[in-house]
Amino acid sequence: MNWLDKLTPPGVKKIFSKRDTPENLWVKDPKSGEMVFHKDLENSLHVTPSGHHMRIGPVSRFAYTFDHGRFEEIEIPAVPKDPLRFRDDKKYTDRIKDARNKTGREDAIGIAVGKIGGIKSVAVVQDFSFMGGSMGMAVGEAFIKAAEEAVEREAPLICFAAAGGARMQEGALSLMQMPRTTLAIQMLKEAGLPYVVVLTDPTTGGVTASYAMLGDVHFAEPGALIGFAGPRVIEQTIREKLPEGFQRAEYLHEKGMVDAVVDRRELAEKLADVLSVLMKTKPPSRRKRLPAPEPVNS
Amino acid sequence: MSDPTRTYLDFERPIAELEAKIEELESAAGSNGDGDDGVDVADEIKRLREKAADQLRKTYANLTPWQKTQVARHPDRPHFHDFRSNLIEAFTELSGDRSFGEDPAILGGTGWMTKRPVLVIGHEKGRDTQTRLHHNFGMARPEGYRKAVRLMDLAEKFQIPVVSFVDTAGAYPGLGAEERGQAEAIARSTERCLTLGVPMVTVITGEGGSGGAIALAAANTVLMMEHSIYSVISPEGCASILWRDQAKAKDAAEAMKITANDLQDLHVIDDIIQEPMGGAHRAPSEIIQSVGKAIDRALASLENRSADELREQRRERFLRIGRELS
């Protein structure tokens with residue numbers, strides 16, 4: 001931590017931080033091994049020339065999803081701090097502190113409002129870089145808050161799921177977020193509002209087994225790992241190597257668990273299309289497409 | 001009378017030794033019952049019995065979370081089959097999810113419970129090698145949860161309260177289970193509990209393991225047997241992820257607050273059902289009766305509520321969790 005971090009409140013830090021974007025100018029494409037210039041990567045919404053969808057945080061996600069990249073973030077509700085006084089080799093409170101410094105976020109989730117294809121919408125985005133996006137009380141409360149905001153604004157809720165699962169450091173209180181978030185979805189249902197899930201890499205555990213699988217519509221990003229049990233646990237259980245592509249977005253599509261696998265660069269448009277129908281507004285006027293990524297010199 | 005087939009847990013060794021001693025003396029006294037030392041032997045047996053009882057009481061009054069985990073998994077602990085056959089009359093087992101198959105890790109059906117029609121659902125772990133394999137050690141696949149949803153639909157349709165018994169290490173982490181949508185099946189089952197327009201009472205009887213448990217436990221009233229555990233991940237799983245060492249399960253059990261007392265303090269559960277001295281496995285019929293009475297009380301207190309009131313109570317119950325902690 002430097003002196004600036006110590007002095008500035010988290011909100012101010014967020015302005016200074018550029019943590020949603022890679023710190024290096026050149027980023028290695030995990031799929032092809034190719035080096036990609038960061039500006040090109042940003043222009044292609046962090047999809048590499050080989051089609052690999054890099055993990056992105058809430059700010060980028062909001063910018064890519066809402067019309068003209070315009071949105072307003074909503075503060076996530078405060079939750080009790082470390083009620084179990086949990087520690088493994090490190091105190092839970094210290095892990096939280098580190099994650100906050102690293103991401104500039106209060107917890108593994110962000111909420112924002114804006115328009116998608118002209119339709120006022122609420123989006124909730126999990127941040128995998130904050131303790132693996134894990135679902136604890138903060139994520140649960142934020143999800144409920146997002147649903148309440150959507151109901152209040154008569155807007156659809158879009159959830160971008162990404163999580164290793166529940167936050168073990170909160171014990172059964174994190175487990176309780178499964179029914180709690182399910183209740184939030186019931187609120188949307190009662191209000192007749194759409195709830196759309198976008199499954200991103202990776203979405204596993206209690207998150208998949210609750211709000212990530214209860215959408216009216218499920219989209220998934222290409223190549224995203226999506227499942228209940230993690231692949232390592234399954235391999236240990238069945239003592240077999242898992243088949244190629246197992247638990248990937250395309251596999252889930254084939255097995256009937258997601259409606260479509262959608263390239264990130266087409267996602268906003270896809271959301272606008274389906275929301276326009278579910279919200280019975282007129283067909284969306286096509287917003288200006290983002291420029292196609294320029295070919296990278298090899 | 002001590003049972004030679006009884007399974008002792010590692011921390012019960014002093015009790016096991018005393019009980020073995022008692023048994024030895026008893027059989028010796030039985031073979032040469034006459035003679036002067038008969039009285040001494042009887043005294044000695046009585047003294048040892050008291051000592052064993054005292055030891056048992058002391059041990060069970062101070063079980064650590066890890067010891068409770070072991071008790072919760074005790075092979076002789078009453079399982080769904082025992083509760084069902086002793087508490088439910090005119091039971092009709094209902095099987096299958098009507099779309100893929102039958103999963104014997106979750107059982108269910110209709111029956112009568114002290115003059116009340118009920119629909120019961122629960123995990124079954126099995127008692128011996130053959131039945132354990134049959135029930136997949138109580139680890140359900142998607143079909144189990146989809147069957148649960150189907151049975152809850154039935155309960156709603158005919159306005160019958162739902163009683164669930166939770167005892168699972170977790171949902172089965174297998175290839176086929178994933179292929180057929182394990183996560184979605186669990187999510188739908190939890191959702192169905194929460195939308196029920198009839199009363200639902202859950203008893204956690206052994207292990208309440210993660211999503212596989214909550215799928216049958218999003219009820220109006222959640223009860224827990226004294227030495228059962230309820231957690232987001234098994235102590236072993238938590239230890240291997242956070243400590244990178246399964247052997248730290250003891251520490252993980254401690255840290256995660258998985259005991260009935262801890263969970264009552266956190267308002268995750270509503271009430272604790274006391275177990276007989278030395279745990280449910282020492283006096284199964286006693287605990288089964290206590291569980292029956294506790295369910296009866298819980299159902300009685302939920303009677304005469306409208307469907308909306310029941311849903312509202314459930315919603316408030318779960319939304320409140322965590323909000324009044326500091």
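A simple spin-label model places the labels of B:Ala28 and A:Asn24 7.6 nm from each other, with each point 7 Å out along Cα-to-Cβ. Note on chain B: with a GNM built from Cα contacts shorter than 10 Å, the maximum mean-square fluctuation among B:Ala298, B:Ala280, B:Ala239 falls on B:Ala239. Here the calculated FRET efficiency for B:Lys46 and B:Asp271, from their Cβ-Cβ distance with R0 = 56 Å, stands at 0.90, rounded to the nearest 0.05. Across chain A, C-alpha contacts under 8 Å between residues 6 or more apart give a mean separation that, scaled by the residue count, equals a relative contact order of 17 percent.
For the protein assembly as shown, what does -39500 (n - 2.57) per DSSP helix run (n ≥ 4), summed and divided by total residues, give at 222 nm, in deg cm²/dmol to the nearest 500?
Values: 25 runs with 259 residues, N = 624.
Mean residue ellipticity, 222 nm, calculated: -12500 deg cm²/dmol.
On the principal axes of its alpha carbon atoms, the range B:244-291 extends 41, 26, 12 Å, with the longest extent given first. Mean partner shielding of peptide A:77-89, defined as the number of other chain Cβ atoms within 10 Å of each residue Cβ, is 4.
A Cβ-based charge dipole, computed about the Cα centre of the range B:70-319 with Lys and Arg at +1 and Asp and Glu at -1, lands at about 260 debye. For chain B, find the longest principal axis of its Cα atoms and tell me its angle to the long axis of helix B:142-157, 0 to 90°, nearest 10. For B:142-157 against chain B, the angle is about 70 degrees. Rounded to the nearest 5, the antiparallel percentage of DSSP beta bridges internal to the protein assembly as shown is 45%.
Distance distribution note for the range A:101-174: the fraction of Cα pairs above 19 angstrom is 36%. Highest mean packing comes first when the peptides B:144-154, A:73-83 are listed by Cβ atoms within 10 Å, giving B:144-154, A:73-83. Shape summary: the protein assembly as shown maps onto an equivalent ellipsoid whose semi-axes, from the alpha-carbon gyration tensor, are 50, 27, 22 Å in decreasing order.
Bridgeable lysines around B:Lys51 (alpha carbons under 30 Å apart, same-chain partners fewer than 8 residues away excluded): B:Lys21, B:Lys68, B:Lys250.
Legend: mean number of C-beta atoms from other chains within 10 angstrom of residue C-beta atoms, peptide B:184-194, equals 6. Every Cα-Cα pair in the range B:12-149 was counted, and those over 27 Å apart are 49% of them. Dipole check for the protein assembly as shown: with +1 at the C-beta of Lys and Arg, -1 at the C-beta of Asp and Glu, and the Cα centre as origin, the magnitude is about 2440 Debye. With N the number of residues in the range B:183-279, Rg(Cα) / (2.2 N^0.38 Å) evaluates to 1.15.
Shielding of B:229-235 by partners, i.e. mean partner chain Cβ atoms within 10 Å per residue?
5
Cα centroids of the range B:210-269 and the range A:201-226: 24 Å apart. For A:Lys28, list the lysines whose Cα falls under 28 Å from its own Cα; do not include residues on the same chain fewer than 8 positions away. Candidates past the 8-residue exclusion: A:Lys13, A:Lys14, A:Lys18, A:Lys39, A:Lys102, A:Lys241.
No value in this document is a laboratory result; all are computed from the given coordinates. Everything numeric in this text was worked out from a predicted model, so none of it was measured. Positions of Cβ are backbone-derived with ideal geometry, glycine not excepted, and every protein chain shown enters the neighbour counts.
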